[in-house]
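Nothing in this text is a laboratory measurement; each read-out follows from the coordinates by a stated rule. Just so you know, these numbers come straight off a predicted model, no measurement behind them. Here the Cβ is made from the backbone with ideal geometry for all residues, glycine too, and neighbour counts use every protein chain on show.
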Amino acid sequence: MSTQTIESRSPQDQSDVVVSAPAADREAVAATFTRAREAQKEWKRNAVVRADALAAAAAAVDAAKDQIVDLMVREVGKPLTESVMEHGRAVRILRYQAQAALDPDGDTLPAAPPADPRTLLLARRRPRGVAGLITPWNFPFAIPLWKAAPALAYGNAVVLKPSSDALASALLLEEILAKHLPEGVFNVVAGGGETGQAVIEQADVISFTGSTNVGLQVAQAATARGIPAQAEMGGLNASIVLPDADVAAAAKVIAGAAMGYAGQKCTATGRVIVLGDPAEFTDALAAAVDALPVGDPKDSSTVVGPVINPPAREELVTAATGAPQDGGRVVTGGQALDGPGLFFSPTVVDGQEPTAKLAQEEVFGPIVTILKASSAEQAVEISNSVAFGLVTSVFTSDLDSALTVVDGLETGMIRVNMPTSGVDFHAPFGGEKQSSFGPREQGKAARDHYTTTHTITIGPAG
Ligand code: NAD
């Protein structure tokens with residue numbers, strides 16, 4: 001048994017230990033995979049059974065709304081309104097993937113001569129086996145489910161290693177799903193990086209979401225074993241504000257996308273690139289940011305709750321105090337706020353060059369830097385000048401400008417007059433460059449990662 005203990009504390013009250021559990025060591029992880037592998041043998045056999053089980057799981061997650069929402073608010077400090085939305089998304093993901101289990105599982109193709117014309121040439125998908133899922137804390141139900149639900153739908157078993165900061169949420173999910181899925185099909189192992197490595201050593205396919213540093217290591221370890229890996233990683237997402245944009249409307253949307261849930265979404269806005277003189281937009285953004293309610297995540301009016309843990313807040317203090325040395329001015333915010341929660345005031349910086357640290361490195365929290373561009377081409381160049389490539393949004397009322405800018409952006413997702421944040425569970429999701437490795441997640445795209453295709457040729461006997 002490992003002696004390491006995993007503890008998840010509420011960001012709203014650090015004395016509140018939400019859950020504490022021993023980390024799974026290599027042997028425990030291996031034993032979990034053995035159970036999962038055994039359970040997968042039967043699970044893979046019948047898609048209709050899987051569809052029914054996942055539909056029942058969706059109904060159970062739906063019915064557990066209050067318990068799930070309360071735990072999400074408590075464990076990761078997600079504001080109540082957003083927690084309710086995440087719960088709704090979790091249910092829809094399960095419902096959608098329950099039906100995906102019944103999708104066609106392959107193609108028939110004409111066989112090439114000299115094969116008999118009656119020959120059946122089939123390309124048929126099969127599950128990969130046991131999927132190892134490694135997840136972050138910020139979407140404690142939606143992210144584990146947007147990986148697990150398609151993995152299960154296509155006949156895989158799952159071993160989930162959640163973030164230590166969201167362990168209680170994963171354990172609740174396991175408890176709910178266990179009532180509707182065969183034993184051993186969906187498993188949670190507690191632990192940090194070492195447990196994650198043990199999962200990679202055992203899995204048949206890996207799906208990771210988290211920071212870029214860890215994601216690249218995960219992808220490397222998986223590919224060294226020759227197993228398929230998918231890693232969704234960091235972002236430093238830009239909103240581009242063109243001169244014909246409705247400035248007040250854009251500022252309001254961008255304020256929400258940068259600061260909502262204390263900026264702790266991979267799709268949060270971290271940079272705003274304004275074409276021309278940014279003064280009017282800067283004032284509008286500062287006013288919109290200052291108007292956002294900061295406070296207890298249990299309060300339904302709260303938009304900005306606490307940040308996840310003390311090191312995350314320290315990083316924000318360092319970023320804000322470092323901004324002036326890097327050519328910036330703190331327009332609003334910039335400080336840790338009094339508790340009980342781990343609050344940091346929503347922060348807007350301006351005056352920096354696109355090469356400044358804040359404009360190049362992800363800080364996971366409520367901080368945004370406003371950059372200036374002198375042409376649409378330069379705005380696109382600045383947007384593309386980072387190592388990440390998750391999502392960009394463009395604010396304009398001119399269709400041609402939108403089309404031109406959209407065409408030049410190097411991000412996996414591009415949105416016009418929309419916040420950078422926001423995910424459609426039935427559309428492909430993923431980034432470019434160091435934001436993503438491997439195939440897209442969600443919707444039909446998920447099938448490519450959790451299945452492998454076998455080509456089968458069946459000819460007549462005589
Ligand atoms: P993290 O990288 O610290 O941890 C993610 C997961 O990896 C956790 O379960 C962690 O225990 C595990 N882990 C840590 N070290 C490991 C190792 N060496 N081997 C295997 N597993 C290991 O990320 P986090 O702090 O939980 O989440 C925040 C980050 O996630 C941000 O960078 C954010 O941008 C990113 N994120 C990305 C997306 C996306 O879809 N692109 C979505 C949400 C969050």
Inter-centroid distance (Cα atoms) of the stretch 243-265 relative to the stretch 1-31, Å: 36 Å
Percent RCO, i.e. relative contact order, over the stretch 283-385, from Cα pairs under 8 Å lying at least 6 residues apart: 21 percent
Angle in degrees between helix 65-76 and the longest Cα principal axis of the chain, rounded to the nearest 10: 60 degrees
Average Cα contact separation per residue, the chain, under 8 Å, 6 or more apart, as relative contact order %: 18 percent
Vicinal HN-Hα couplings computed from phi for the stretch 430-437 (Karplus, 6.51 cos²θ - 1.76 cosθ + 1.60; Hz; Gly/Pro x): x, x, 10, 6, 7, 8, 8, 9
Order of S375, S421 - criterion: other Cβ atoms within 10 Å of each residue's Cβ, fewest first: S375, S421
With Cα atoms, 0 to 90° folded angle of helix 47-63 axis to the chain main axis: 40 degrees
For Q4, residues with placed amide H under 5 Å, excluding near neighbours: A23
Peptides ranked, highest mean first, by Cβ atoms within 10 Å: ranges 50-62, 333-345: 50-62, 333-345
For R9, distant residues with modelled amide H under 5 Å away: V18
Integer Hz, Karplus 6.51/-1.76/1.60 couplings in order for the stretch 90-98, x for Gly and Pro: 4, 5, 5, 4, 5, 4, 5, 6, 4
Between 0 and 90°, nearest 10: helix 142-153 axis offset from the chain longest Cα axis: 20 degrees
Net dipole in debye of the stretch 237-416 [+1 Lys, Arg Cβ; -1 Asp, Glu Cβ; about Cα centre; nearest 20]: 480 debye
Under 16 Å from the Cα of K372 - lysines, other chains or at least 8 residues apart: K357
Separation of alpha-carbon centers, the stretch 185-226 and the stretch 106-170, rounded to whole Å: 16 Å
Cα centre as origin, Lys/Arg/Asp/Glu Cβ charges: the stretch 198-265 dipole, Debye: 120 debye
Residue-wise HN-Hα coupling along the stretch 371-379, computed from phi with Karplus coefficients 6.51, -1.76, 1.60 (Hz; x: Gly, Pro): 10, 10, 10, 9, 8, 4, 4, 5, 4
Charge dipole (debye, nearest 20) of the chain; +1 at Cβ of Lys and Arg, -1 at Cβ of Asp and Glu: 1740 debye
Centre separation in Å (Cα based) which lies between the stretch 422-462 and the stretch 327-377: 37 Å
Residue order, fewest to most beta carbons within 10 Å, for V17, V348: V17, V348
Cα shape, the stretch 294-334, gyration tensor, a/c 1.5 rule: oblate
Farthest toward positive dipole pole in the chain [+1 Lys/Arg, -1 Asp/Glu at C-beta], among S374, L358, V307: V307
For the chain, calculated [θ]222 nm from helices alone, where every DSSP H run of n ≥ 4 adds -39500 (n - 2.57): -12000 deg cm²/dmol
Whole-percent pair-distance distribution, where bins are 20 Å wide, for the alpha carbons of the chain: 25, 53, 20, 2, 0
Amide H contacts of N237 (H built 1.01 Å from N, under 5 Å, at least 5 apart or other chain): G270, R271
Summed residue charge, Cβ within 13 Å of T282's Cβ, Lys/Arg positive, Asp/Glu negative: -3
